[in-house]
1. Just to be sure, is Ala35 in a strand (DSSP E or B), of a type in the set (Gly, Ala, Ser) and either touching a Lys or Arg at 6+ places or on another chain (Cβ under 8 Å) or modelled with pLDDT under 85 (or both)?
2. Give me the pairs: first residue in the range 145-156 and part of a loop (DSSP other than H, G, I, E, B), second residue surrounded by 11 or more Cβ atoms within 10 Å (Cβ to Cβ) and among the charged types (D, E, K, R), beta-carbon distance under 6 Å, and six or more apart or on different chains, which are they?
3. Restricted to the range 62-102, and to residues that are of a type in the set (Phe, Trp, Tyr) and over 16 Å from the mean Cα position of the chain (by Cα), which residue is surrounded by the fewest Cβ atoms within 10 Å (Cβ to Cβ)?
4. Applying the selection to the range 132-159, what residues are modelled with pLDDT of 95 or more and surrounded by fewer than 11 Cβ atoms within 10 Å (Cβ to Cβ)?
5. Scan the range 95-122 and report the pairs whose first residue is touching a residue at least 40 places away in the same chain (Cβ under 8 Å) and whose second residue is part of a loop (DSSP other than H, G, I, E, B) and surrounded by 21 or more Cβ atoms within 10 Å (Cβ to Cβ), with Cβ atoms within less than 6 Å and a gap of 6+ or a chain change.
6. Inside the range 93-115, can you point out the residues that are in a strand (DSSP E or B) and touching a Ser or Thr at 6+ places or on another chain (Cβ under 8 Å)?
Amino acid sequence: MNHQSTNKFAKYLQLRYAVVIIKNHKYLSLAAMPARQNNMIKAYKLYTGQDGHSHVQTGTVAEGLFNQASSIRFQESPPHSFYDWHNAPADQYVITLSGTLEFETRTGETFILRPGEILIATDTTGTAHQWKLIDDQPWRRVYVVFDEAQSINFIPDEA
């Protein structure tokens, strides 16, 4: 192995294995570490089902993927705000920077969205959703609009 190949191999070992025993500085005992999950950030997907109602699906977004965005917008709502029944104006990621919210669909599905979590709003038609802030913080968020033809970075939780 040349020096460059050795360095790449060493980096691979650092990512995939943990050194558990070093014996007489001659032998290394390696144990496989659990593969690092690439789907780490909690996400909720609002979508319109076949029945015409808005529904929620819980999952995560994959780390390290690049997605095409058509626009980005920042918004802040004061503490204790609410927004009555509405549909998403466009397919968009909503990245929560501060504020804790409760979302509800007309069918009674609810979820709590916390700072650092992602809402993927694709319910641009149907019976809509509503939200209310449930803590004393403003809802600071980033809207990242994407083309509906793009694949969505969302990994549903296993049932």
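The values are calculated or read from the model by the stated rules, or taken from the named source; none is laboratory data. Since this is a predicted model, take the numbers as computed values, not measurements. Cβ sites come from the backbone with ideal geometry, for glycine too, and all protein chains shown count toward neighbours.
1. Values: in a strand (DSSP E or B): no; of a type in the set (Gly, Ala, Ser): yes; either touching a Lys or Arg at 6+ places or on another chain (Cβ under 8 Å) or modelled with pLDDT under 85 (or both): yes.
Against the criterion (in a strand (DSSP E or B), of a type in the set (Gly, Ala, Ser) and either touching a Lys or Arg at 6+ places or on another chain (Cβ under 8 Å) or modelled with pLDDT under 85 (or both)), Ala35 does not qualify.
2. The qualifying pairs are Phe146/Asp91; Glu148/Asp91; Phe154/Lys45.
3. Initially, the range 62-102 is screened for residues of a type in the set (Phe, Trp, Tyr), giving 66, 74, 82-83, 85, 93.
Still in the running and over 16 Å from the mean Cα position of the chain (by Cα): 74, 82-83, 85.
Numbers: Phe74: 10, Phe82: 12, Tyr83: 14, Trp85: 12.
Only one residue tops the list, namely Phe74.
4. Asp136
5. So the pair list comes out as Ala121/Ala88.
6. Of all residues in the range 93-115, those in a strand (DSSP E or B) come to 93-98, 101-105, 110-113.
The answer is Glu102, Phe103, Glu104, Thr105, Phe111, Ile112, Leu113.
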